[in-house]
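The values are calculated or read from the model by the stated rules, or taken from the named source; none is laboratory data. All values derive from a computational prediction rather than experimental measurement. All Cβ positions, glycine included, derive from the backbone under ideal geometry; neighbour counts span all protein chains shown.
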Amino acid sequence: MKRVAILISGGGSNMVTLVESMVGDHAARPCLVLANSESAGGLAKAAALGVPTAAVDHRPFKGDREAFQAELQAVLEAHQPDIICLAGFMRVLTASFIEQWDGRMLNIHPSLLPKYKGLHTHARALEAGDTEAGCTVHEVTAKLDDGPVLGQARVPVLTGDTADTLAARVLEQEHALYPAVLKRFASGDKALLEI
Ligand code: GAR
């Protein structure tokens, strides 16, 4: 059985769908939910699902990313994950950390990459007049929101959409896409999934 650590910063709705998916014939099980703040709402949800939790607060490190990442790494190593899933983890990770998990770390991003790397993806899609939006699961490499795409899901942009209504429509698809990609990835399948 593969062991999966999930990194979060906020409410953790993607984390919940990932945890709930790892049952039955799934090749992986959750081993840790790790947040960069004790106040991340997802920590209580993970605990309620019976998953070990931990928090490494980035703030005391005052911008020293390497020191923050060394602490993240220590906590992760203690739980021996085979796969790391970033699920709304809102800290930028540097190459030194990412290299330690090369080929074993996934991220979900709320846009159809390579469009709209970084923040405010939905507002940018609306501003550009896009007629469709969506989300992407990709392998994490040293470049932000880059790396081989493993899956994408698309939604229409509707008349009258705001960033919030579009985000909600995309999030629904995130909850379908990420578990589906993780299930395939955990069993060694890296072929592109489009839903
Ligand atoms: C999700 O929409 C995820 O795609 C996004 O944050 C949200 C987290 O929601 N991630 C990023 O923007 C990464 N740059 P959740 O905590 O409810 O899963």
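One table, with the values for the structure above:
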{"read-out": "Pairs with Cβ under 7 Å, 6+ apart, first in segment 99-113 and under 24 Å from Glu77 (Cβ atoms) and in contact (Cβ under 8 Å) with a residue 24 or more places away in the chain, second within 9 Å of the ligand (Cβ to nearest atom) and in a loop (DSSP other than H, G, I, E, B)", "value": "Ile108/Ala87"}
{"read-out": "Test for Gln152: is it farther than 15 Å from Cys85 by Cα and in a strand (DSSP E or B)", "value": "yes"}
{"read-out": "Condition met for Ala28 (among the hydrophobic types (A, V, I, L, M, F, W, C) and more than 16 Å from the ligand (Cβ to nearest atom))", "value": "yes"}
{"read-out": "Set Leu49, Leu18, Leu93: member being over 15 Å from Ile108 (Cα atoms), within 16 Å of the ligand (Cβ to nearest atom) and aliphatic (A, V, I, L, M)", "value": "Leu49"}
{"read-out": "Residue that is nearest to His122 (Cα to Cα) [pool: residues in segment 166-187 that are of a type in the set (A, V, I, L, M) and more than 12 Å from the ligand (Cβ to nearest atom)]", "value": "Ala176"}
{"read-out": "Neighbours by Cβ (under 8 Å, 6+ apart or cross-chain): first from segment 116-137, at pLDDT 95 or above and surrounded by 21 or more Cβ atoms within 10 Å (Cβ to Cβ); second among the polar types (S, T, N, Q) and part of a strand (DSSP E or B)", "value": "Gly134/Gln152; Cys135/Gln152; Thr136/Gln152; Val137/Asn107; Val137/Gln152"}
{"read-out": "Candidate set from segment 74-119 (those that are of a type in the set (Val, Ile, Thr) and within 13 Å of the chain's Cα centre (by Cα)); member that is farthest from Ala153 (Cα to Cα)", "value": "Val92"}
{"read-out": "All positions within segment 38-53 that are touching a residue at least 24 places away in the same chain (Cβ under 8 Å) and either surrounded by 17 or more Cβ atoms within 10 Å (Cβ to Cβ) or under 15 Å from the mean Cα position of the chain (by Cα) (or both)", "value": "Ala40, Gly42, Leu43, Lys45, Ala46, Val51"}
